[in-house]
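*Asks:* After the structure tokens below, expect a handful of questions from me.
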Amino acid sequence: CGSPDVPRRRTGPPAGATTDPAGRGRRRPCPGPGNAVRHTAPGRCRLHRFGVVHGDEALVSRLGKVVQEEWERSSSMRSEVRCAADVVMPNHFHAVVGILSEETIHVDVAFQREPASLASLVAGFKAAVTSRAKAVGMPIPVWQRGYHEQKLRSDEAKDAAIEYVLTNPSKWSHDSYR
């Protein structure tokens with residue numbers, strides 16, 4: 001934890017969940033290719049604070065439930081955001097999100113995130129989870145710094161990312177970061 005090898009935040013396109021019938025994750029409609037992004041936020045030091053995987057299903061802890069609730073709240077507060085799939089894993093969170101409009105508002109203030117961007121969505125989401133965790137005495141810090149994103153440039157890439165997120169619990173036993 002705190003290693004220089006920890007991935008740093010990368011800015012990118014702005015950022016879309018219903019329970020999958022197999023119970024693998026949550027899924028919703030998402031904007032088309034070019035507007036979809038796969039997002040991964042690792043938990044602090046990769047500790048298993050968000051829950052456990054039992055069989056092929058991710059079961060959330062109390063803190064994992066906060067992560068779920070704040071993701072729903074964060075994405076519902078932003079009309080431009082659509083979540084295609086998400087899953088809370090024991091030590092990280094995955095989501096495939098899309099943006100309805102490519103319009104962005106340029107801000108000329110140092111260290112301020114662009115509104116309606118993936119960076120502002122992730123920062124607000126992580127801050128809300130941390131704030132709620134702190135308020136009820138859960139261990140903090142909750143998150144590692146930054147997140148990983150991957151721009152999805154085709155329907156095939158978007159579908160593959162959604163499948164990856166939804167099936168992530170079934171691959172947990174083979175995860176090198178668990």
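The values are calculated or read from the model by the stated rules, or taken from the named source; none is laboratory data. All of these numbers come straight from a predicted model, not from anything done at the bench. Note that each Cβ is placed from the backbone with ideal geometry, even for glycine, and that neighbours are counted across all protein chains shown. Surface accessibility is based on the protein's heavy atoms, side chains included, excluding ligands, DNA and RNA. Shrake-Rupley method; radii C 1.70, N 1.55, O 1.52, S 1.80 Å.
*Asks:* Name the pairs whose Cβ atoms lie under 7 Å apart, with the first residue in the range 151-165 and at pLDDT below 90, the second of a type in the set (Val, Ile, Thr), and 6 or more positions between them or separate chains?
*Replies:* LYS151/VAL37; LEU152/VAL37
*Asks:* Which residue out of TRP172, TRP71 is more than 13 Å from the chain's Cα centre (by Cα), crowded, with 16+ Cβ neighbours inside 10 Å and either in a helix (DSSP H, G or I) or at pLDDT below 85 (or both)? Write out each step before concluding.
*Replies:* Details: TRP71 fails: more than 13 Å from the chain's Cα centre (by Cα).
Answer to the selection: TRP172.
*Asks:* Let me ask something additional. Across the range 45-68, what is the total count of residues that are assigned to a helix (DSSP H, G or I) and open to solvent by less than 80 Å² (accessible area, probe 1.4 Å)?
*Replies:* So the count comes out to 7.
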